[in-house]
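One structure is given here, and the rest of the page talks about it.
Read-outs: derived from the displayed coordinates by stated rules, not from any lab. In this text, all values refer to a predicted model and were calculated from it rather than measured experimentally. Here the Cβ positions follow ideal geometry from the backbone for every residue, glycine too, while neighbour counts run over all protein chains shown.
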Amino acid sequence: MATIGFIGTGEIASAMVNGITDQGHQIYVSNRGKQYAAKLSLLSDVQITNNQDLIDKSDIIILCLLKNTAKKVLPKLNFRKYQKIISVMVDISVADLNTLCNPANNIEITIPLPFIANGNCPLPCYPTGLTVSEVLGKNNRIFVVNSERGLNAHFAVTAMSSVFLSQVKISSKWLSQFTQDKDSSEAYILEMLGEYLRSISKSNTIDLNGAIDALNTSGGLNQTLRNHMEKSDISNNLLVGLNDFRERLKLNLTE
């Protein structure tokens, strides 16, 4: 098992720690995010310490900082050449990380979401997924992406999470008008959609067109609502929003 150090202690770092605790690792967490660090310190395999100490003690370092903070904090730290680095930071490239973490150059980037604490979190990785698999592969599926541009596009589509949840919130509020049960309405919609999406993703051959066609009975409720939403240009608005990330994430269509 590994010795793993987390630099940056926010929601994502906390979720990752909770997702790998009790797996035989020794985990070191920076004392930067005191609220999260205090809770994590209650775990038997977690120690809270400063950034340099956890680098000195860890074989694998996981970077969970905001871009501007990383550029201030990381150059002041002394990494080792053969340390493995996992970054979960948006807007910082592999080239940037090679400079910030020099002389360490075994670097991977991945994109965890908060539910990684419970496992089953898809993890796109670049340029390989070897270290990510070592730390997080037991309970999560690894997707190795063949370019940094492709990885950045994965960063962009994770933003759909809040869009999806916003629609769930609106729908559950509408439903609860008739049930007078807010909690049950939210649980029903989340479980209904979650299990439906899970059944599609777990099939041997994913067929989104077929799944939509199965809900396309003429005059049916699904077709009627989807047609209404499409008339409001929801599909084009989604593409416009995703395309707005192109400059920030360096998403040129040609490389």
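Using Cα-Cα distances under 8 Å and only pairs 6 or more residues apart, what relative contact order does segment 161-249 have, in percent?
13 percent
Rule-of-thumb check for segment 161-249: C-alpha Rg over 2.2 N^0.38 Å?
Expressed relative to 2.2 N^0.38 Å, the Cα Rg reads 1.28.
Using modelled backbone amide H atoms (1.01 Å from N, in-plane), which distant-in-sequence or interchain residues come within less than 5 Å of residue 119's amide H?
For residue 119, whose amide H was placed from the backbone, there are no distant partners under 5 Å.
Dipole size in debye (nearest 20) for segment 175-255 around its Cα centre, Lys and Arg Cβ +1, Asp and Glu Cβ -1?
So the magnitude is around 160 debye.
Straight-line reach from residue 71: which aspartates and glutamates have Cα under 14 Å away, leaving out those fewer than 8 places along the same chain?
The qualifying aspartates and glutamates are 91, 96.
What ranking, highest mean first, results for peptides 189-196, 15-22 when packing means the other Cβ atoms within 10 Å averaged over each residue?
Ranked by mean Cβ neighbours within 10 Å, highest first: 15-22, 189-196.
Once you treat every alpha carbon in segment 3-74 as an equal point and sum by Debye, what is log10 I(q)/I(0) at q = 0.27 Å⁻¹?
So the normalised log intensities are -1.34.
Which of the lysines could a cross-linker span from residue 72 if the Cα-Cα distance has to be under 17 Å and same-chain partners fewer than 8 positions apart are dropped?
Within the straight-line cut-off, residue 72 pairs with nothing.
At 37 °C and 0.692 mPa s, grab the translational diffusion coefficient of segment 76-151 from Stokes-Einstein with a Kirkwood Rh over Cα pairs, rounded to a whole number in µm² per second.
Translational diffusion coefficient: 257 µm²/s.
For segment 3-157, what size does the Cα cloud have along each of its three principal axes, sorted from largest down, in whole Å?
The Cα atoms of segment 3-157 stretch 38, 35, 25 Å along their principal axes.
Mind checking which of 203, 161, 171 is farthest towards the positive end of the chain's charge dipole, using Cβ charges of +1 (Lys, Arg) and -1 (Asp, Glu) about the Cα centre?
Towards the positive end, the residue furthest out is 161.
In whole percent, what relative contact order does the chain give with Cα contacts below 8 Å and a gap of six or more residues?
13 percent
Nothing charged except the Cβ atoms of Lys and Arg (+1) and of Asp and Glu (-1): what's the magnitude of the dipole of segment 1-70 about its Cα centre? Round to the nearest 20 debye.
Roughly 280 debye for segment 1-70.
How large is the dipole of the chain about the Cα centre if only Lys and Arg carry +1 and Asp and Glu carry -1, each at its Cβ, rounded to the nearest 20 debye?
640 debye
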